[in-house]
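Here the structure comes first, spelled out in structure tokens, and everything after it is commentary.
The values are calculated or read from the model by the stated rules, or taken from the named source; none is laboratory data. The structure displayed is predicted, hence computed values, not measured ones. As a convention, Cβ positions derive from the backbone with ideal geometry for all residues, glycine included, and neighbour counts pool all protein chains shown.
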Amino acid sequence: MTMPRFRNYILLGTVALFASACESDTPTEPSTTTTSPTTVTWSGIVGPGGSLSRSFETTQAGAVTVTLTLSDAALGLGIGVPRTANGGCRLTVSQVDAAGQAVSIPAAGGSYCVQVFDDGSVVKQAAFTVQIVYP
Amino acid sequence: MNTKRQLPLLIALLVGGCDDSISGPSGTDTSSTSTTTLITESFEATLARGESTFYSFSVSAAGPATVTLASVVQPGKAAALATPIQIALGTPVGEGCAITDSVEASPSLTPQLTATITSGIHCVQVADSGQLTGQVIASIRFVHP
């Protein structure tokens, strides 16, 4: 192999090296995953006169819907805002129902809560499962 | 020109062609930097027939404010009441709140009162509008600049 030809090979190799380095410069779109609406399943046990609440955050406006999917007794079910002190939930809407009933309300983005409570039907304790759907 | 002379030139051209920095439009940046941060606050008020109470807050810049009557319940009870209550925006005067905007609202999770307010000290008032028959706890959420 003569020296000029050898130099040409070096030149071609250099060009190929930089050309391959440029391939990775193509910008790619960030992957996006649609997560709205969010569905959460929540279970618990309520004693006589007791209540349980669960908070969640919504990042956009939309309907918040809560369904009592399973319950041992008629239970109170509502949607509201977290208390400013001492925990718990202050309800905006509520109803007392057996399993299968739902409560829904339009809401702006923010902090909200769901509360399940005994309204006098629970003798010993009642197990429940609730489905929460929010934007 | 021989190969030895061509090589640095080619490398310089290729390195320049690989510049992956993303530059914005040239010229003065005219994008708005005056976005106002909105603050969300909340409070609970115990009200009986004919009563009112207010909560004062400071506003750093003029802008939109919203007030939401989020909940009305009886003390010690979880169940929600649909009882309407007056909610209002105003400015503290003496020991009261001089109302500038008000509405009679039932509990909701979307704002029932919207107003544009100036910087300074303002107040949110909740009051019985004649519908209360006993004591209730009202939960108020408000957003301001």
Inset, instruction - Tell me which of these B:R49 doesn't satisfy, since it passes every other one: (1) in a loop (DSSP other than H, G, I, E, B); (2) in contact with a Gly (Cβ under 9 Å, 6 or more places away or on another chain); (3) free of Cβ contacts under 8 Å to residues at least 60 places away in the same chain. - result: (3)
Legend entry - Verdict on A:G44 being surrounded by fewer than 21 Cβ atoms within 10 Å (Cβ to Cβ), touching a strand residue (DSSP E or B) at 6+ places or on another chain (Cβ under 6 Å) and part of a strand (DSSP E or B): yes
Inset, instruction - Collect the residues in the stretch B:78-100 that are over 14 Å from B:A127 (Cα atoms) and either surrounded by 16 or more Cβ atoms within 10 Å (Cβ to Cβ) or touching a residue at least 12 places away in the same chain (Cβ under 8 Å) (or both), keeping them in residue-number order. - result: B:A78, B:A79, B:A80, B:L81, B:A82, B:T91, B:P92, B:T100
Inset, instruction - Considering only the stretch A:88-128, state which residues are crowded, with 19+ Cβ neighbours inside 10 Å and among the hydroxyl-bearing types (S, T, Y). - result: A:T92, A:S94, A:Y112
Inset, instruction - Provide a single number: the residues in the stretch B:81-95 that are part of a strand (DSSP E or B) and under 16 Å from B:T68 (Cβ atoms). - result: 5
Inset, instruction - Go through (1) at pLDDT below 95; (2) exposed (fewer than 15 other Cβ atoms within 10 Å of the Cβ) and name the single condition A:A73 misses. - result: (2)
Inset, instruction - Give the residues of the stretch B:106-144 that are over 20 Å from the mean Cα position of the chain (by Cα), part of a strand (DSSP E or B) and farther than 19 Å from B:T91 by Cα, sorted by residue number. - result: B:V136, B:I137
Inset, instruction - Collect the residues in the stretch A:90-114 that are in contact with a Leu (Cβ under 6 Å, 6 or more places away or on another chain), at pLDDT 95 or above and of a type outside the set (S, T, Y), keeping them in residue-number order. - result: A:V103, A:I105, A:A107
Legend entry - Among residues of the stretch B:78-95, those that are at pLDDT below 95 and either closer than 17 Å to B:A45 by Cα or within 14 Å of chain A (Cβ to nearest Cβ) (or both), counted: 1
Legend entry - Condition check for B:V72: within 13 Å of the chain's Cα centre (by Cα), surrounded by 14 or more Cβ atoms within 10 Å (Cβ to Cβ), within 13 Å of chain A (Cβ to nearest Cβ) and at negative phi: no
